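Reading through the structure tokens given below for one structure.
The values are calculated or read from the model by the stated rules, or taken from the named source; none is laboratory data. Quantities reported herein were computed from a predicted structural model and do not represent experimental measurements. Note: ideal-geometry Cβ built from the backbone for every residue, glycine included; neighbour counts use all protein chains shown.
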Amino acid sequence: MRVLWSALGIAAFVGLLVLATLRTGQVECEVCVVTNAGSHCARAAGKDREEATIGALRTACGTAAGAMDDELACTKKAPQRISCEP
């Protein structure tokens, strides 16, 4: 019985540690862009809303664009939608 309680205590501690590590100061944003190829959305996490939004925008534009010029033009346009969660 003692081993069971010890194992449950250790598992709970590890779970809380993982959860705290994953959530510390992270903001996750989803950005959707519209290009000639259609609508594309991507998610990214960062230390703040700006960093997460920029990462998601670059990812969405990277998957939407066929060439580097298209990707650069996409990142300079306003996104269709931005949604962030702390």
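Here W5 passes the criteria (1) of a type in the set (A, V, I, L, M, F, W, C); (2) at pLDDT 85 or above; (3) loosely packed, with under 10 Cβ neighbours inside 10 Å except the one numbered (2).
Counting residues in the range 67-80 that are farther than 25 Å from G25 by Cα and of a type in the set (K, R) gives one or more.
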